[in-house]
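The values are calculated or read from the model by the stated rules, or taken from the named source; none is laboratory data. Keep in mind that this is a model prediction, so the values were computed, not measured. Neighbour counts are summed over all protein chains in view; Cβ atoms, including those assigned to glycine, are modelled from backbone coordinates with ideal geometry. Just the protein is used for accessible areas: all its heavy atoms, side chains included, with ligands, DNA and RNA removed. Shrake-Rupley method; radii C 1.70, N 1.55, O 1.52, S 1.80 Å.
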Amino acid sequence: MLPLRSIAMAVVLAGAACADEPTRPDPVPPPPDQGVNAYVIADNLHAVPGQTVTISVIVRSADASVKVGSYTGRLHFSAAALQYKAETAINDGLRVANPNGAGTGEIRFAGASATGFANLTLYSATFTVKASGWARDLSLQMEELSAARSLVNLSPHVQVQRAVLAADQVKP
């Protein structure tokens with residue numbers, strides 16, 4: 001009976017050791033040293049024509065107590081390299097997007113929450129890759145960013161990161 005118990009215990013311990021923490025669907029970049037950083041993140045920077053890629057806009061603040069209350073922004077891309085498929089629903093606050101400009105390479109997005117957004121992802125959508133080098137033309141323009149409750153204008157403190165990050169390059 002002892003060998004059977006030992007085997008059972010080894011199986012349980014091996015299973016516990018393999019239980020990794022679940023990964024977030026949207027990776028979270030590290031907080032900046034000061035101000036607020038905005039990032040464009042792609043789930044697969046190596047996607048080739050015909051594949052689907054998810055592109056997200058995420059913000060992080062140096063001050064963890066600051067919650068975003070409202071924002072407006074524009075995601076720019078090459079319409080010759082990416083074709084907009086669909087917005088990814090984010091169930092946190094009031095969020096809207098206008099993909100009418102997707103045919104020319106621009107999607108406008110905005111959101112508001114009186115108590116602040118719990119989710120750091122401001123916008124997320126799926127695209128079909130039409131041409132290689134699609135990531136080089138991705139850019140972000142943040143037009144407005146305000147804190148919840150205090151309504152402090154965070155826009156002067158926003159640093160839009162030019163580099164597009166791959167989801168697997170960002171530590172959760």
What accessible area, in Å² to the nearest ten, does a 1.4 Å probe give for Arg108?
-> 110 Å²
Net lengthening on full extension, Leu151/Asn119 (0.36 nm per residue, minus Cα-Cα) | 9.7 nm
Using 0.36 nm per residue of separation minus the Cα-Cα distance, give me the extension gain between Asp63 and Asn91 in nm, one decimal.
-> 7.7 nm
Calculate one ³J(HN,Hα) per residue across the range 50-63 by plugging θ = phi - 60° into the Karplus curve 6.51 cos²θ - 1.76 cosθ + 1.60, and present them in order as whole Hz with x for glycine and proline.
-> x, 8, 9, 10, 9, 10, 10, 10, 10, 10, 9, 10, 5, 9
For Gln159, put the label point 7 Å out on the Cα→Cβ axis and report which residues of the range 35-68 keep their amide N under 15 Å from it.
-> 35-40, 59-63
